[in-house]
Amino acid sequence: MSTMIQRETSAGADQDGAPPPDGRARDRRSLILIVGLLLVGAIVLIAALSLVWLPYAPSDTTGSRLDGPGLAHWLGTDRLGRDLFTEIMVGARIALVVGLGAVGVGAAIGIPVGLSAAFAVGWLDDTMSAAMDILIAFPVLLLAMLFVAVTGASLVTVTVAIGLSLSAIVARLTRIVAKRVLAEQYITAARTSGTGWLGIVRQHILPNIWPTISVNLGLLFGVAVLAEASLSYLGLGAPPPNSSWGRLLQEAQSTVVTAPLGAVAPGIALVILVIGVNLLVDGLRDVADPTQARAR
Amino acid sequence: MNLLEVASLSVTSSDGVARVRDVSFTVAPGERLGLIGESGSGKSLTAFAVIGLLPAGLKATGSVMLDDTQVVGAPEKNLVPLRGRVCSFIFQEPLTALDPLMKLGHQLAEPIARHQGLRGSALKRAVLDALDEVHLPEPERIADSRSYEISGGQRQRVAIAMALACRPRLLIADEPTTALDVTVQSGVLALLDHLVADRDMAMIFVSHDLAVVSRMTDHALVMRSGEAVERGSIGELLASPRHPYTAEFAASARRIETAFASAIARGRPE
Amino acid sequence: MTPILALDNVSYAYRGTHAGQHAVQDVSFTIEPGQNTGLVGESGSGKSTLVKLLLGLMRPTSGQVLFDGVPLNLGDQSQVRSFRRSVQTVFQDPYSSLDPRQRVGRIVGEPVRSLRVARGRAADELVAKALESVGLAADAASRYPHEFSGGQRQRIAIARAIVSRPRVLLADEPVSALDVITRSQVIALLAELGPSRDLTVLMVSHDLSVVGALCQRTVVLQGGRIVEQGTTSSVLGAPSETYTRQLLAAVPRLPQI
C-alpha cells in the first residue's frame, strides 16, 4: 500500500482550509461535563438515598412549626412541623420519576410518529407537519394543564400529561433528523444491498438519529421537571403527601419573609437539577459520537 | 522586484496543528505559478494566507510581502487597499462567493465604482462592458439576475469579472473550474488564460489537476501535508521529478493519460 | 449470450413541478459480460436518473429495464433479490456512502446478510476476502469509516459491492472525489477485479479520460438522450457526433514529454 495515503484524523483534515476542532473548546466541554455530572449526581444520590433512609417519616409533624435550621432539623421545618430536608429528599425522587417518566412517554410516542412522518411524502407529509407544528405552538405547561384538568391529578396522570405534551416536540425533531439521514448515500447503498425498509430503520436510521434525539430528550427532561414543579405550584400536581418541590414552593409562599428557607431550599434544588441536566447533556454531546475523532 | 514574496509561511490552527509548514516562494510581475496538491495539502490555505483571508481559528506566521506590504499579522485597514487593486481572488464555488440576494449587476458595480470612480449611466455601461469582456452573452439579462438564476459557468465568469474589475496585478484562482462541467471548464480556462495574458497579470493557479495546471502555467509548486515538496517547470515535474511524492503524483496522472491516449489512438482511422 | 443488464427504450418523465419534461428519453443499451462500459455525461445529461433506473430504485415511465433478458419487476421480491445479488453499486461520495455509526466489517457484510448469501462464520469469511481483494488489512473490519481516508473509504465501498459476488458492478463517479494518486489506484483495482471475479464494470462518469482508461465500451449521454455509443476506441478515436468531439476536445491533457 502506498505510503502516500494518509489517515485523515478529524473531519477538518479532509477539507483544505476548514478549521479543525478547537482544543480550548474541548477542555471547556470536559469541565461542563464534570460540573453537570456533579450537580445531577447530587440530586440522584439524594433521591436514591430517600428510598432506604429518611431523617424523618414524611408525614411526621412532630417538629415545632417553621423552625430554622438546626441539629434536629438540618433545613428546619415547614408550617406543619414536617422536616424540610426529608421533604426535599422525597421531592428529588418525585422530580426524577416524573421527569424520566414524562420523557419516556414523550419518546415512546414521539419517535415512532416522527419516523412515520419522515417517510411520508406529499399531502400526508404536509398534514403531519402541520399537526405537529400546531401542537408545539402550545406551551408544554398549558397542554399538561389541559390534560390534568380532564383526568384529575395524580403522579401518573401528571407524568402522562407532560409526556404527551413533549411528544409533539420529539416527533417533529425526529422527523427532521430522520429526513436528513434518509437523504444520505448510505441509505441508498443499504437499499441496493437488499436491506428492507424495516432493516434500514433499525440498522441505519435509529443509530444515526439517536445522538441528536438523546441530547434533546435530556434537555426535555429539564423541561419536564420544571413543568411538574409548575403544575404542583399551581395546585394541579400530585396531591399530598407527595411533597413535590413545586408544592413546597407554594406552601412556603405565605411565610417566605419569616422563614425563607422553606422556599429557598426547594428553589435551589430545582435550579441544581435543571442546570445540572443541561450542562450534563451539553458535555455528553460529543463524547459518545464515534465520528468525532480527536486530532492527533 | 517581486510582486509577491512568501518566506517561511506557516499556518497553524488553534490546537497547534500546522496546516502549512515553512513554505517559501516568489512571484514576479506577470509570472504564473501553479500550486498543485491534493485535499489537505495546504494549497488553498496558502492562497488564503497570501491575501490575508485565513478562516477564523487559523494563524499565519512567517512573511508574506505583497507589493512591499507585509500581510502576515497586518491589521485589516492595511490589507483592504491591497485586495482588488493589487491582488484578487477567485473561489472554487462561485455560489458562495456571490451574494444570493443582490443582483449581479449591483455586485459588479461596487468594485468598478470604487476603482474607476464612475456613477450613473457611465457605471452601468462599465458593468455591461465588464460582463462582455468575460464573454457573457446577454449582459443586460445577467446584470439583472441573481447568482442562483444563472449556470455555474456563467457564475464563474461573473466572479472573474468582479475579480478583474479593479485591475489587480496578481490573480489567485483557487480551483476555479473544479465544480464545473468539463466542456464549461475549458471555456472558462481559456477566458482566464486570455485575460491574464492580455493584462500582463501575475497568477497563482491552485488545483489538484496536473493537466489543468499545465494548461494555465509553466511552473508549479507541489504541496503535500502542508509542505512545499518541489518547485519546477511542468516539464521537469513530469519528466524528472526529484521528490518521490512528485514522482508518484506525476506517474499516476501519466498512467491515466496514457490509457486514454491509447484508446484514442486505437480508434483513429488510418 | 444474453446481456446481464439492458435498457430497452427507457424513458423517465418528471411528475409534479416539471411535468412533461424528460430526464431520460428513449435510452437503449446493453451490458455484455466482460465488456466494461462507461456511461459519460455532464450535469443535466440524465445520468443520475439512469443510475437510479439501472439500480431498480425507480421505475421508468416507459420502456423496460431487462435483467438477464427478463423485464425487471420491482414488485417481485425474489427477482429483485436475485437482481441485487447480481448488480451492486459503488457510489460517488466516499464520505456519505458509508454509515458513520457502523464498523467497517458490518458495513461490508450488509449485502451478505440482507441478500441471505451466507450467515455466521461463512459470512465473516466473505467479508474478510472482500477486504483483502481491495487491498485493506483484515483489522479494518473492526474500525469505523472516519478512521480512513477518502481513497480507503472508496475501497471499503468497493469491498461492500463485491462481497456478494455480483456479476455487474455499477460505479457511479467512483473516482471523482479522489486525488489523482488514489484515483489511479482505484481504477487499477477496478480493472483487475473485473477479470479475476467475473465482474463487468458499468461506470458512470463525467470524465472521459477515466472511462477511456477502464472501459471497452462507451455510451455518451446528453440532455437525457444517447448521443453516441460503441467501442471506446471508436467513440474516442473516431467520434461521429459534434458533442462527442466537444467532450474530447475539452479533456485537459498533460503535455507530451
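The values are calculated or read from the model by the stated rules, or taken from the named source; none is laboratory data. No experiment lies behind these values; they were computed from the predicted model shown. Cβ atoms come from the backbone with ideal geometry, glycine included; neighbour counts cover every protein chain shown.
Listed values, structure above:
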{"item": "Any chance B:Leu189 is within 13 Å of another protein chain (Cβ to nearest Cβ), under 22 Å from B:Pro94 (Cβ atoms) and buried (at least 17 other Cβ atoms within 10 Å of the Cβ)", "result": "yes"}
{"item": "Any hit, region C:191-200, residues being buried (at least 21 other Cβ atoms within 10 Å of the Cβ), within 14 Å of chain B (Cβ to nearest Cβ) and touching a residue at least 60 places away in the same chain (Cβ under 8 Å)", "result": "no"}
{"item": "Test: B:Ser88 is within 23 Å of B:Pro176 (Cα to Cα) and modelled with pLDDT of 90 or more", "result": "yes"}
{"item": "Selection within region C:127-145 - surrounded by 21 or more Cβ atoms within 10 Å (Cβ to Cβ) and not β-branched (Val, Ile, Thr)", "result": "C:Ala130, C:Leu131, C:Leu136, C:Ala140, C:Ala141, C:Pro145"}
{"item": "Residue among B:Ala74, B:Ala173 that alone is assigned by TED's automatic domain parsing to the domain that holds B:Asp209, at pLDDT 90 or above and farther than 25 Å from B:Val213 by Cβ", "result": "B:Ala74"}
{"item": "Hits in region B:162-188 - residues which are in a helix (DSSP H, G or I) and of a type outside the set (Val, Ile, Thr)", "result": "B:Met162, B:Ala163, B:Leu164, B:Gln185, B:Ser186, B:Gly187"}
{"item": "Index of the failed condition, A:Ala118 passing every other in (1) farther than 28 Å from C:Asp93 by Cα; (2) surrounded by 15 or more Cβ atoms within 10 Å (Cβ to Cβ); (3) more than 14 Å from every other protein chain (Cβ to nearest Cβ)", "result": "(1)"}
{"item": "Residue count, region C:50-80 (criterion: within 14 Å of chain A (Cβ to nearest Cβ), in contact with a strand residue (DSSP E or B) (Cβ under 8 Å, 6 or more places away or on another chain) and farther than 18 Å from C:Glu32 by Cβ)", "result": "6"}
{"item": "Test: residue in region B:145-153 that is under 16 Å from the mean Cα position of the chain (by Cα) and charged (D, E, K, R)", "result": "no"}
{"item": "Region C:214-257: number of residues that are at pLDDT below 90 and either buried (at least 19 other Cβ atoms within 10 Å of the Cβ) or more than 7 Å from every other protein chain (Cβ to nearest Cβ) (or both)", "result": "1"}
{"item": "Residues located in region C:97-142, provided they are under 16 Å from C:Ser164 (Cβ atoms) and in contact (Cβ under 8 Å) with a residue 40 or more places away in the chain", "result": "C:Ile107, C:Val108, C:Gly109, C:Glu110, C:Pro111, C:Val112, C:Leu115, C:Val117, C:Ser133, C:Val134"}
{"item": "Pick from region A:1-56, criterion modelled with pLDDT of 65 or more and in contact with a strand residue (DSSP E or B) (Cβ under 7 Å, 6 or more places away or on another chain), ranking: farthest from the other protein chains (Cβ to nearest Cβ)", "result": "A:Tyr56"}
{"item": "Qualifying positions in region C:224-236 - closer than 14 Å to C:Val27 by Cα and touching a Phe, Trp or Tyr at 6+ places or on another chain (Cβ under 9 Å)", "result": "C:Gly224, C:Ile226, C:Val227, C:Glu228, C:Gln229"}
{"item": "So C:Val210, is it within 29 Å of C:Gly44 (Cα to Cα), part of a helix (DSSP H, G or I), facing chain B (nearest Cβ under 8 Å) and not hydroxyl-bearing (Ser, Thr, Tyr)", "result": "yes"}
{"item": "Whichever residue in region A:181-208 is within 7 Å of chain C (Cβ to nearest Cβ) and charged (D, E, K, R) and, among such residues, is farthest from A:Ile111 (Cα to Cα)", "result": "A:Arg191"}
{"item": "Some residue of region A:214-226 being in a helix (DSSP H, G or I) and within 14 Å of chain C (Cβ to nearest Cβ)", "result": "yes"}
{"item": "Of all residues making up region C:151-187, the number that are small (Gly, Ala, Ser), within 14 Å of chain B (Cβ to nearest Cβ) and more than 12 Å from C:Pro94 (Cβ to Cβ)", "result": "1"}
{"item": "Hey, B:Ala159 in contact with a Ser or Thr (Cβ under 6 Å, 6 or more places away or on another chain), in the same structural domain as B:Ser121 (by TED's automatic domain parsing), over 24 Å from B:His243 (Cα atoms) and in a helix (DSSP H, G or I) or not", "result": "no"}
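Condition check ((1) in contact with a Ser or Thr (Cβ under 8 Å, 6 or more places away or on another chain); (2) at the interface with another protein chain (Cβ under 9 Å from one of its Cβ atoms)) across all residues:
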| site | (1), (2) |
| --- | --- |
| C:Ala19 | no, no |
| C:Gly41 | no, no |
| C:Ser48 | no, no |
| C:Ser82 | no, no |
| C:Asp93 | no, yes |
| C:Arg101 | yes, yes |
| C:Gly105 | yes, no |
| C:Gly109 | no, no |
| C:Gly120 | no, no |
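Quick grid of which residues meet (1) crowded, with 22+ Cβ neighbours inside 10 Å; (2) without any contact (Cβ under 8 Å) to a residue 60 or more places away in the chain:
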position	(1), (2)
A:Leu182	no, no
A:Phe221	yes, no
A:Pro260	no, yes
A:Val271	no, yes
